[in-house]
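Read through the structure below, which is laid out as structure tokens, and then see the notes.
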Amino acid sequence: MDIQSEMDKIGTRARAAQNQLQRAKTGAKNEALASMAEFLRRDADDLQRANRKDLRVAEEGGRDAAFLDRLRLDEGRIEAMAKGLEEVAALPDPVGEITDLRYRPSGIQVGKMRVPIGVIAMIYESRPNVTADAAGLCLKSGNAVILRGGSESLHSNMAIAERLRAALGRARLPLDAVQYVGTADREAVSVLVRMDAFVDVVIPRGGKGLIERISREATVPVIKHLHGNCHVYVDASADPDKALRVVVNAKTQRLGTCNTAESLLVHAARAGDLLPAITQALQGKGIEIRACPRSLPLIPGAIAAGEDDYYAEYLGPIISVKVVDGLDAAIAHINTYGSQHTDAILTEDLGSAQRFLREVDSSSVMVNASTRFADGFEYGLGAEIGISTNRLHVRGPVGLEGLTTQKWIVLGDGHIRA
């Protein structure tokens with residue numbers, strides 16, 4: 001197969017579909033989203049059958065438990081995909097929204113209109129739910145999307161995409177508003193991220209290696225979704241019950257996600273009374289503790305942490321632990337070793353909370369809450385296409401508004417410039 005030729009065809013179809021989609025009414029888009037949810041529920045058995053093929057290959061390839069968890073589609077996750085699509089349908093349509101309209105001394109009115117970005121290339125690994133989330137968000141925001149998931153989830157993704165395209169047909173919207181690149185050839189990705197004539201932005205979602213590769217090869221603008229080395233810092237004034245509950249949830253609620261806590265920092269004044277109970281609870285859930293020299297004597301069964309542990313996104317049952325001398329040291333550690341994803345402080349001190357919010361350089365910063373809340377659904381976005389660690393043009397969970405841009409509009413009545 002000539003990859004370049006095939007990808008050009010996909011790009012041409014995507015651009016044509018997006019031009020049609022710009023004229024689509026909100027009702028038609030919502031009808032398609034509702035049908036997408038309906039078809040996923042209706043064909044749940046077929047989706048799980050396709051997913052079992054991917055799981056079988058992954059198991060035979062020796063993939064670990066965290067990877068298999070990310071790949072797995074069960075009834076609950078299919079229902080979550082369907083609900084996510086319905087949530088997106090229920091959200092206001094951002095396309096065409098006019099803001100900041102005001103009169104100028106000349107008599108003209110100047111404002112901004114929200115419009116789709118255009119054609120979005122979504123490149124992702126392992127999680128089949130991204131197929132539905134990305135398609136739903138792109139549709140509602142008026143964008144065509146080219147989807148390319150990892151080879152490990154090929155059967156699952158193609159089965160989901162087939163249902164999404166059927167729903168577009170029912171709503172009389174262009175089928176090519178959602179296209180799935182069905183080849184496992186890595187060259188397809190290299191071509192896709194250089195298709196400036198057809199693609200307006202690339203959104204990679206996956207491991208650090210994928211993001212680095214896309215950033216290196218792309219000539220199309222990239223919204224980066226970097227790895228999640230998320231921290232929880234337990235401050236001197238932290239409430240013990242809150243600290244225990246939040247740390248355990250942030251680490252163990254689900255191990256293989258980018259918003260799972262990978263690093264625990266504890267104020268030196270509280271290490272003696274809080275660390276033993278917190279780490280015992282983590283160990284009770286099968287978490288391995290990699291501890292700094294100051295915390296190691298306080299944690300039976302822990303092993304010594306190395307420098308690499310402070311940078312690590314484990315995506316598994318491991319957490320690094322470090323005792324720090326205070327808020328300044330905690331912030332410095334996070335800004336040095338973190339990935340600018342999500343970080344949290346546990347404190348009852350308002351001043352410490354405010355400083356943490358201002359000075360930690362991450363896309364989501366939290367006070368007395370689990371890092372697991374860094375999620376488009378939890379933020380009220382319906383779903384998310386990814387969590388951007390960019391500074392431009394969007395940061396944090398990317399929902400409908402993040403998939404649009406703005407253009408200036410001018411309203412006059414025969415006005416001319418003097």
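The values are calculated or read from the model by the stated rules, or taken from the named source; none is laboratory data. The shown structure was predicted, so the numbers you read here are calculated from the model rather than taken from an experiment. Reconstructed Cβ throughout: ideal geometry from the backbone, glycine too, with neighbour counts over all protein chains shown. The area values use the complete protein model at the heavy-atom level, side chains included, leaving out ligands, DNA and RNA. Shrake-Rupley method; radii C 1.70, N 1.55, O 1.52, S 1.80 Å.
Leaving out ligands, DNA and RNA, what percent of the accessible area of the range 63-170 is carbon and sulfur, probe 1.4 Å?
The C+S portion of the solvent-accessible surface of the range 63-170 is 49 percent.
Each listed q (0.13, 0.21 Å⁻¹) maps to a log10 I(q)/I(0) for the range 160-289, found by the Debye formula over equal Cα scatterers with no solvent: -0.75, -1.16. Scaling against 2.2 N^0.38 Å puts the C-alpha radius of gyration of the range 57-110 at 2.35. Taking 7 Å steps out from each Cα toward its Cβ at GLN280 and TYR311 produces label points 3.6 nm apart. Heavy atoms of the protein chains alone define the surface here; on that basis the range 329-401 has 39 Å² accessible area per residue at 1.4 Å probe size.
The mean sequence separation of alpha-carbon pairs under 8 Å and at least six residues apart, normalised by the residue count of the chain, gives a relative contact order of 19 percent. The mean sequence distance of close C-alpha pairs (under 8 Å, at least 6 residues apart), as a share of the length of the range 11-156, puts its relative contact order at 32 percent. The range 263-410 gives an Rg/Rh value of 1.04, both radii derived from C-alpha positions and Rh following Kirkwood. Given +1 at the Cβ of Lys and Arg, -1 at the Cβ of Asp and Glu and no other charges, the dipole of the chain around its Cα centre is 1120 debye to the nearest 20. Over the C-alpha atoms of the range 1-68, the Rg to Rh ratio, Rh being the Kirkwood estimate, stands at 1.16.
Taking Lys and Arg as +1 and Asp and Glu as -1, the other residues whose beta-carbon sits under 12 Å from that of PRO397 total -3.
Overall, the accessible surface of the range 320-418 at a probe of 1.4 angstrom is composed of carbon and sulfur to the extent of 50 percent. The 3J(HN,Hα) values that the Karplus relation (6.51, -1.76, 1.60; θ = phi - 60°) gives for the range 262-272 are, in residue order, 10, 9, 10, 10, 9, 4, 4, 5, 10, 4, x Hz. Gly and Pro appear as x.
Take every pair of alpha-carbon atoms less than 8 Å apart whose residues are at least six positions apart; their mean separation over the length of the range 178-287 yields a relative contact order of 21 percent. Shape summary of the range 100-192, radius of gyration then Dmax from alpha carbon positions: 17.8, 60 Å.
If you count the DSSP beta bridges with both ends in the range 286-418, what percent of them are antiparallel, to the nearest 5? In the range 286-418, approximately 15 percent of DSSP beta bridges are antiparallel ones. Beta-bridge orientation, the chain: approximately 25 percent antiparallel, per DSSP, counting only bridges with both partners inside.
Restricting attention to the chain, the count of lysine pairs at 8 or more positions apart or across chains with alpha carbons under 16 Å apart stands at 9. Spatially, the range 59-73 and the range 362-411 are offset by 28 Å when compared through their Cα centroids. Relative to the longest principal axis of the Cα atoms of the chain, the long axis of helix 350-359 lies at roughly 50 degrees. Once the Cα atoms are used to define both axes, helix 3-21 deviates from the longest principal axis of the chain by about 70 degrees. Working from label points 7 Å from Cα in the Cα-to-Cβ sense, the VAL410 to LYS242 distance is 5.2 nm.
Let me check I've understood the local charge: for GLU384, count other residues with C-beta under 10 angstrom from its C-beta, Lys and Arg +1, Asp and Glu -1. What total comes out? Once positives and negatives cancel, what remains is -2. Sparse packing (at most 15 other Cβ atoms within 10 Å of the Cβ) combined with a DSSP loop state is found for the following trypsin sites (Lys or Arg not before Pro) in the range 239-284: ARG254. Every Cα-Cα pair of the range 193-253 was included, and the share exceeding 20 Å stands at 50 percent.
Under 16 Å from a label point set 7 Å out along the Cα-to-Cβ vector of LEU101, the amide N atoms of the range 399-418 belong to 407-414.
Taking the accessible area of the range 181-288, probe 1.4 Å, and keeping the other protein chains in place, the carbon and sulfur fraction comes to 49%.
Dividing the summed helix terms, -39500 (n - 2.57) for each DSSP H run of n ≥ 4, by the number of residues in the chain produces a 222 nm estimate of -13000 deg cm²/dmol to the nearest 500.
Computing FRET efficiency as 1/(1 + (r/R0)^6) for ASP2 and GLU212, where r is the C-beta to C-beta distance and R0 is 41 Å, gives about 0.90.
Return, ordered by residue number, the residues of the range 272-295 whose backbone nitrogen is under 18 Å from a label point located 7 Å along Cα→Cβ of ASP325. Counting only backbone N, you get 272, 292-295. When DSSP beta bridges are restricted to pairs lying wholly in the range 59-214, around 25% turn out antiparallel.
Can you give the FRET efficiency for LYS112 and ALA304, using 1/(1 + (r/R0)^6), R0 = 51 Å, r = Cβ-Cβ distance, to the nearest 0.05?
0.40
For THR405, nonlocal amide neighbours, meaning residues 5 or more places apart or on other chains whose placed amide H falls under 5 Å from its own, are VAL115, ILE117.
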